[in-house]
Every structure is written in structure tokens, then in C-alpha cells.
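S.K.: The structure follows.
The values are calculated or read from the model by the stated rules, or taken from the named source; none is laboratory data. Note that the structure is predicted; figures quoted are calculated from it, not measured. Cβ atoms come from the backbone with ideal geometry, glycine included; neighbour counts cover every protein chain shown. Surface accessibility is based on the protein's heavy atoms, side chains included, excluding ligands, DNA and RNA. Shrake-Rupley method; radii C 1.70, N 1.55, O 1.52, S 1.80 Å.
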Amino acid sequence: MTRLLRLLPYAVAIAVALALPRAMYPVLALDILLWGLFAMSVDLLLGYVGLLSFGHAAFWGLGAYAAAIAAKSTGVPFAIAALVGAAASALLAVPFGYLAIRRRGIYFAMVTLAFAQLVFYVANEWRDVTGGENGLHGVPRTFPGLALGRSADFYYAALPLILLGYVLAYRIVHSPFGHVLVAIRDNEPRAQALGYATWRYKLLAFVLSGGLAGLAGGLFALGNGFASLDLLHWTTSGQAVLITILGGIGTLWGSLLGAVIVLELRDALTSAPEASGVVTGAVFVVIVLAFRRGLWATGRDALRRFAAPVVSARIDISEGEVRHGRS
Amino acid sequence: MSVAPTTYAVETDGLVKEFAGFRAVNGVDLRLEPGKVHALVGPNGAGKTTLFNLLTGFLRPTAGRVIILGADTTGLPPERIARRGVARSFQITSLFDQLTALEHAELALQAASTVGYRFWASEGALERYRNRSRELLAEVGLADLASRPAGKLPYGQKRALELALAIALDPRLLLLDEPTAGMGVEDIRRTIDLIRKAHAGRTVVLVEHNMGVVAELADQVIVLQQGRVIAQGGYAVVREDPAVVAAYLGQAHA
């Protein structure tokens, strides 16, 4: 019974994911899920290793370009193209991570930003491959036996891969590896004194994070049919960090919630571009002030308080047992 | 009499550590025999903790060599030295605030394996460490607090957990930086017993200000002052040493 109850949130989440393209534009629904995955990859580093990457656009963008090129030049099924994007970003994360994890705090953020700018300029100059300022358009999406012309069709076809990304992120956080990451975040010298080569764990986390961002970026390019320079722009990195912070650092699912808000807001304000900056800014200020630990953590605690009578009764009983056992 | 040991637990040659021209450790030659309890004592700023950090790889020496358990470890990173069988505790309580006491013990126990790299495995992979973890916590008196995050443990329990972490590694050399700092009489009593128990089959080096603890535990006392060893020997001998008396009196007058 309790086991069934524990599975309930996942069942609801999958039901919502399936119903989403009927509640809003399928393109927007897809973007939300992909930005959510992208922000989760940022949260994996920020929330669980304590490293703020300000250069994740490099992995999102490279994933997009790699997937677009794979799909355009070879015509592989979209799932393969998306995995090519993930692999390319994970690969790029090896040297970037190797150099960046030597720094912490603001210096880590600056180094990752610098690397992302480097990728941006390379993409800008290397016109033969990336299309320079024009980007790559008309990216095909195919899968044997499926018609993926309509956005809603692609949404459902891509959903398993997206869910796979979420599951992987969740698994990483709730694994023996995740425990070591939290230990490193809390107290790196102590972890070293226990014999952990902490830099290897940080590098692996960086590469996994880059791969997840690449998967999200690759699917984004395939879903929207293009890869362009602004995917690599530093404001894209900033937006991912913003979504993570709004949703709640170190919560993983908060990133998804943050993506809903940021993308819905952006969508609602497209008709009034001159007001968009002010309104978005105001909404963010309110959220940050009202939900200091992010939407997810605050919301979850409120829910628990709501269910408090039941829970606290249970605690009373168990503590009574402990006391009884000791005396 | 007994044959002189061929391998020292800790050996240093002309060890020097300079910070911006200041010599915190100034030419220390140690020969610490295995299987004993060695106490590093000396006034504040004598270089005890710096010496600890040099032995465990948290600092690189400016000059000199460090040989631990027969192998040259000069310049190796902390985790490599730890993996050679060296565990240390920290002067300022140093734990993982968000992790529970049980998770601490598990982390220490799994450190020797590669299970920590398994990002694809569930937390169930740590199950096989659970029994030993509970035993360890029981040994240091934390059995009832196993599921409490370390950040929320009372001070004395934090120190006990710190000791449990060091013991969990089953080290050959155990370095304890002020294990009884800030403790009440009762906790000190318990810590002494714990160190005695942990000492079985191991070499222990401890930095300690409490002379009662030193007198009770140490086979060998090494007195540091201004980065140099000014005396060493049994507690009773060292206590009478004129240089030591002068150093401590000088400290008292300062």
C-alpha cells in the first residue's frame, strides 16, 4: 500500500506529461520539458556538487548543433541524432571540466563562462559547418515507422528520451556516487582525508551534466528544426541558472517547475516585447523574495505542514517506542 | 633488548614549511616507532597542525621529505596518502553537515572500494556497509543518533563521529588533531577509552593540549616550539626538561 502510494507522484507526473500538449502548444510543452532537463543538468552541479556553471550554453548549444548536423547530413533517426548531441557535449565536457574543476565559487563560474564564449566564437566563425550567424535550418526529424511532421507527434516520440534524461539525473543524485558528491559539496578536504580523489568525482559529475545538457539541446534542435547561435549565447547559460534558482537549488524537480514558469511567462509576453523585461524581472523578484529556497522546496514544506497532523502523530509513536526501548 | 625497527611509522627529514617568509615548521626530523601512541605538544603556534597537514598531504613542504609507513609520500595529494592507510581527524570539527551519522560511516567504509563511482546504481548498493556502519556508531556511542544529520548533532557527538570516521578506515596510522578539544570531563574520559581501543594494532599520533590526556595515553611525547622539536621522550622525562619548562613558562608570561 505504502509502496503504491510512493509511486503515485510518478504516475501523476507521467499523466501530466502525456496530457501537456493538449493543454498548451505542443512546441511550448516540448520546450518546457527540455529546458527543465537543461536546468536539471545545471542543478546537478550547483545543488549537489556546489559548483555554479555559467557556461552550460556550450553543452546545450553543442548538443543542438551536433544533433542538427547528424540529422541533416546522414538522415539518422532523431533518437540517434539526439544521442550524438549528448555524446558530443559529454566529450567536450571532459577537457572543459578537467580545467574548470580546479577552481571553486566565482572563479569556476568565470572559467566556465570563458569556455562557453570560446565555443560561441568558434561556432560564429566556422560557417561551413555551423552556418555562422544564420545557423542551421530545416533540420529533419525522422524515425522508422513514425510520422513526426506535427509537433505533437514529435513530442510523444521524444518523451521517452526526455524521461530517460530525468531518470538518469534522479539516479545520479540518489546513487552511491550522489552520496559522495554531497559529501564533496559539504566538505571537500574531509572527503579527501577519507581517501576520495574528489577531482575525479567532480569531473565525472561535470561530464554527466554536460551530457544531459547536450541531450536536451539536441532534442531542442530536432523539435524546433533549427540550431542557431543564440543557443550558445551566454544569456542562455544565465537563463538555465535562473530557472534552477527559481525552482530551488538541489531539488532536481524544482528545475522543471522553474522551466514552466519562465517559459510560460516568456510565451505570455511575446505579444508585448517592450513590457517583457520589466514584468519578468518583477515576477522573479517576487518569487525569490517569497520563496527563499525556491518554489519546489517551499511548496513541498507547505504541503508537509498541510499533512502535519498525520505525520506528527506517527513521529510521536515512533519516538515513544525508542524511549521505551532504551529504558 | 628488542631489535630496532627497520620501518618507522612516520619519518621526516629536515621538514620545512614556510608561509610568506614565516617558518611554521623549521627543520623537523621525526622518527616515530610503529605501534605506539605519540603525542605532539607545544604552545599555540608551535607548528603542530602545520606538521599534521604536511604529514597528510594537505600542505606541500617547502623543503624536506616525508616517509609514511616506509614509503616516500612527499608531495602526494591527501587522498593518495589516506589510501596508504593513514586516517586523520581535524582540529575544527569537520563533517558533512547534510549527511546522517550513518551515511558518514558508510562513506568512510566504502572509500576503499570503487562503489562511489556507480552513478547508475541505487542506494541499495550501500546496503552491505550498513551493519558495519551501525556497529561503528555503537562503538562510539552514536547508535541512537544514526539517522540524525551531522550538522544537527551536539558537539561531543560530532567529535565522536569524527573519531568513528577515522576508525572506519581501519588505518595503520591514526592522526588525531586535538580529539578532546572543548570536551567536558565525561566526554574526555570516553574519548580516551575510544582512542585506547582504536590504538590496538595501530600507530597513533595525536596533537593534544590536555596534559592529563597526554600523560594517560602517550608512550612518547614530542614537544614543538616555533617549528622545532625541543624535546622528546616519555611524559615524565619531558615534563622535567628545562627547555620545555621554559617554553611553557614563556607562554604563560606572554
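S.K.: Working with all protein chains in place, sort A:MET110, A:MET24 by solvent-accessible area computed with a 1.4 Å probe, largest first.
M.R.: The ordering from most to least exposed comes out as A:MET110, A:MET24.
S.K.: OK, next. Which ³J(HN,Hα) values, rounded to whole Hz and listed in residue order, are derived for segment B:96-112 from phi using the Karplus coefficients 6.51, -1.76 and 1.60 in 6.51 cos²θ - 1.76 cosθ + 1.60 with θ = phi - 60°, glycine and proline given as x?
M.R.: Using θ = phi - 60°, the values come out as 9, 4, 7, 8, 6, 4, 5, 5, 4, 4, 4, 4, 5, 5, 7, 4, 6 Hz.
S.K.: A further question follows. What length, rounded to one decimal in nm, is gained on full extension from A:ILE80 through to A:LEU118, with 0.36 nm per residue of separation minus their alpha-carbon distance? Can you show the working numbers first?
M.R.: Numbers: separation 38, 0.36 × 38 = 13.68 nm, distance 2.69 nm.
Net length gain for the segment: 11.0 nm.
S.K.: May I pose another question? Take every residue in peptide B:94-100, count the Cβ atoms of other chains within 10 Å of its Cβ, and give the average of those counts.
M.R.: 5
S.K.: Could I ask something else about it? Mind putting a number on the dipole of chain A about its Cα centre? Charges go on the C-beta only, +1 for Lys and Arg and -1 for Asp and Glu, and I need it in Debye to the nearest 20. Display every interim value, and only then the final one.
M.R.: Details: 24 positive and 16 negative charges, 205 e Å.
The dipole of chain A has a size of about 980 debye.
S.K.: What residues have an amide H closer than 5 Å to that of B:LEU206, excluding those fewer than 5 places away on the same chain, when H is modeled at 1.01 Å from N in the peptide plane?
M.R.: The answer is B:HIS38, B:ALA39, B:LEU40, B:LEU176.
S.K.: Something else now. Along the Cα→Cβ direction, 7 angstrom out, place labels at A:ARG292 and B:THR7. What is the inter-label distance in nm?
M.R.: My value for the distance between the label points is 5.4 nm.
S.K.: Which sequence of B:MET211, A:MET40 reflects their accessible areas, 1.4 Å probe, from the largest down? Could the numbers behind the result be given before it?
M.R.: Working: B:MET211 60, A:MET40 0 Å².
Putting B:MET211, A:MET40 in descending order of accessible area: B:MET211, A:MET40.
S.K.: Here's a follow-up. If contacts are Cα pairs under 8 angstrom and at least 6 residues apart, what is the relative contact order of chain B in percent?
M.R.: This gives 27 percent for chain B.
S.K.: Round to the nearest 10 and give me the degree value, 0 to 90, for the angle of helix B:155-168's Cα axis relative to the longest principal axis of chain B.
M.R.: That helix lies at roughly 90 degrees to the long axis.
S.K.: With each pseudo-label sitting 7 Å past Cα toward Cβ, what's the A:LEU303-B:GLU33 distance in nm, one decimal?
M.R.: 6.4
S.K.: Can you sort A:TRP126, A:TRP60, A:TRP234 by solvent-accessible area, 1.4 Å probe, largest first?
M.R.: Ranked list, largest accessible area first: A:TRP126, A:TRP234, A:TRP60.
S.K.: Checking buried surface per residue: for segment B:102-123, which residues lose a minimum of 50 Å² accessible area in the protein assembly relative to the chain alone (1.4 Å probe)?
M.R.: At a threshold of 50 Å² (probe 1.4 Å), the residues of segment B:102-123 that become less exposed are B:LEU107, B:GLY116, B:TYR117, B:PHE119, B:GLU123.
S.K.: Picking from B:GLY14, A:ALA29, A:TRP234, whose Cα lies most toward the positive end of the charge dipole for the protein assembly as shown (charges on Cβ: Lys, Arg +1; Asp, Glu -1)?
M.R.: A:ALA29
S.K.: Tell me which lysines have Cα within less than 26 Å of B:LYS152's Cα, excluding those fewer than 8 residues away on the same chain?
M.R.: none
S.K.: A further question on this structure: Rounded to the nearest 20 debye, what is the charge dipole size of segment A:71-147 about its Cα centre when +1 sits on each Lys and Arg Cβ and -1 on each Asp and Glu Cβ?
M.R.: Using Cβ point charges on Lys, Arg, Asp and Glu, segment A:71-147 gives about 300 debye.
S.K.: Considering only A:PHE154, A:TYR10, A:TYR121, whose Cα is most displaced toward the positive end of the charge dipole of chain A, charges sitting on Cβ of Lys, Arg (+1) and Asp, Glu (-1)?
M.R.: Farthest along the dipole direction, towards plus: A:TYR10.
S.K.: I'd like the accessible area for A:ASP43, computed on protein heavy atoms only with a 1.4 Å probe and all protein chains in place. Round to 10 Å², please.
M.R.: Roughly 0 Å² of A:ASP43 is accessible to a 1.4 Å probe.
S.K.: List the equivalent ellipsoid semi-axes of chain B in whole Å, largest first, each obtained as the square root of 5λ for an eigenvalue λ of the Cα gyration tensor.
M.R.: That gives 32, 21, 17 Å for the three semi-axes.
S.K.: Of the heavy-atom accessible surface of the protein assembly as shown (probe 1.4 angstrom), what whole percent is carbon and sulfur?
M.R.: On the way: 16340 of 26870 Å².
Carbon and sulfur together cover 61 percent of it.
S.K.: Could you tell me the distance between the Cα centroids of segment B:142-165 and segment B:193-233, to the nearest Å?
M.R.: Taking the Cα centre of each part, segment B:142-165 and segment B:193-233 sit 24 Å apart.
S.K.: Another one. Buried by at least 20 Å² relative to the chain on its own: which residues of segment B:168-187 qualify, computing accessible area with a 1.4 Å probe on protein heavy atoms?
M.R.: Those residues are B:LEU169.
S.K.: If you don't mind, there's one more thing I want to ask. Starting from a Cα-only point model with no solvent, please compute log10 I(q)/I(0) by Debye for the protein assembly as shown at q = 0.07, 0.08, 0.09, 0.13 1/Å.
M.R.: Debye intensities relative to I(0), on a log10 scale: -0.54, -0.68, -0.81, -1.25.
S.K.: Under the rule of -39500 (n - 2.57) per DSSP H run of 4 or more residues, summed and divided by the residues of chain A, what mean residue ellipticity at 222 nm is obtained, to the nearest 500 deg cm²/dmol?
M.R.: Rounded to the nearest 500, the figure is -26500 deg cm²/dmol.
S.K.: Still on this structure, please answer the following. Within segment B:59-76, whose backbone N sits under 14 Å from a point 7 Å along Cα→Cβ of B:GLU18?
M.R.: Label zone hits: B:61-64.
S.K.: Further, regarding this structure: So what J values fall out for segment B:224-234 if you push phi through Karplus, 6.51 cos²θ - 1.76 cosθ + 1.60 with θ = phi - 60°, rounded to Hz, Gly and Pro as x?
M.R.: So the J values, rounded to whole Hz, are 10, 8, 6, x, 10, 7, 9, 6, 8, x, x.
S.K.: Non-local amide H neighbours of B:GLY27 (under 5 Å, H modeled in plane, Pro and chain starts lacking H): which ones?
M.R.: Under 5 Å from the amide H of B:GLY27: B:LEU15, B:VAL16, B:LYS17.
S.K.: I would also like to ask the following. Given an 8 Å cut-off on Cα distances and at least 6 residues of separation, report the relative contact order of chain A as a percent.
M.R.: Relative CO of chain A lands at 31 percent.
S.K.: Can you compute the charge dipole magnitude of chain B about its Cα centre, using +1 on each Lys and Arg Cβ and -1 on each Asp and Glu Cβ, nothing else charged? Give it in debye, rounded to the nearest 20. Please report the intermediate quantities before stating the final value.
M.R.: On the way: 28 positive and 27 negative charges, 76 e Å.
The dipole magnitude comes to about 360 debye.
S.K.: Moving to a separate point now. Can you give me the solvent accessible area of A:TRP199 with a 1.4 Å probe, rounded to the nearest 10 Å²?
M.R.: Near enough 110 Å² of accessible area.
S.K.: Leaving out ligands and nucleic acids, note down the accessible area per residue over segment B:59-130 with a 1.4 angstrom probe, in whole Å².
M.R.: For segment B:59-130, the per-residue accessible area is 43 Å².
S.K.: Okay, moving on. Reachable lysines from B:LYS48, Cα under 19 Å, same-chain residues fewer than 8 places away excluded?
M.R.: Candidates past the 8-residue exclusion: B:LYS17, B:LYS36.
S.K.: At 222 nm, what helix-only mean residue ellipticity would chain B give, in deg cm²/dmol to the nearest 500, using -39500 (n - 2.57) for each DSSP H run of four or more?
M.R.: Details: 9 runs with 88 residues, N = 254.
Helices in chain B give a 222 nm mean residue ellipticity of -10000 deg cm²/dmol.
S.K.: Can I ask one more? Ratio of alpha-carbon Rg to the 2.2 N^0.38 Å globular estimate for segment A:72-204, to two decimals, please.
M.R.: With N residues counted in segment A:72-204, Rg over 2.2 N^0.38 Å equals 1.37.
S.K.: Could you give P(r) for segment A:11-275, binned at 5 Å from zero, as whole percent values over all Cα-Cα pairs?
M.R.: That works out to 1, 7, 13, 18, 19, 17, 12, 7, 3, 1, 0, 0, in percent per bin.
S.K.: Something else about it: Name the residues of segment A:177-193, by number, that are at least 10 Å² less accessible with every protein chain in place than in the isolated chain; the surface is that of heavy atoms, probe 1.4 Å, without ligands or nucleic acids.
M.R.: Buried by 10 Å² or more upon assembly, which counts only protein chains, are A:PHE177, A:HIS179, A:VAL180, A:VAL182, A:ALA183, A:ARG185, A:ASP186, A:ASN187, A:PRO189, A:ARG190, A:GLN192, A:ALA193.
S.K.: If you don't mind, there's one more thing I want to ask. Tell me, what HN-Hα J-couplings in whole Hz come from the Karplus equation 6.51 cos²θ - 1.76 cosθ + 1.60 at θ = phi - 60° for each residue of segment A:95-108, using x for Gly and Pro?
M.R.: Going residue by residue, I get x, 4, x, 4, 7, 6, 6, 6, 10, 10, x, 5, 5, 4 Hz, with x marking Gly and Pro.
S.K.: Next question. Give the B-A buried accessible area in Å², both sides summed, 1.4 Å probe, nearest 100.
M.R.: Adding both sides of the contact gives about 2800 Å².
S.K.: If R0 is 56 Å, what FRET efficiency do you get for B:HIS209 and A:VAL285 from their C-beta distance, rounded to 0.05?
M.R.: 0.65
S.K.: Further question: Tilt of helix A:273-290 relative to the longest C-alpha principal axis of chain A, in degrees (0 to 90, nearest 10)?
M.R.: So the inclination is approximately 20 degrees.
S.K.: Say R0 is 30 Å: what FRET efficiency, to the nearest 0.05, do A:ARG104 and A:ASP230 get from their beta-carbon distance?
M.R.: Working: r = 29 Å, r/R0 = 0.98.
Approximately 0.55, to the nearest 0.05.
S.K.: Continuing with the same structure: Work out the FRET efficiency for B:ALA138 and B:ALA112 from their Cβ-Cβ distance, taking R0 = 22 Å, and round it to the nearest 0.05.
M.R.: Once the sixth-power term is evaluated, E becomes 0.55.
S.K.: In terms of Cα to Cα distance under 19 Å, which lysines are near enough to A:LYS202, apart from those fewer than 8 places away along the same chain?
M.R.: none
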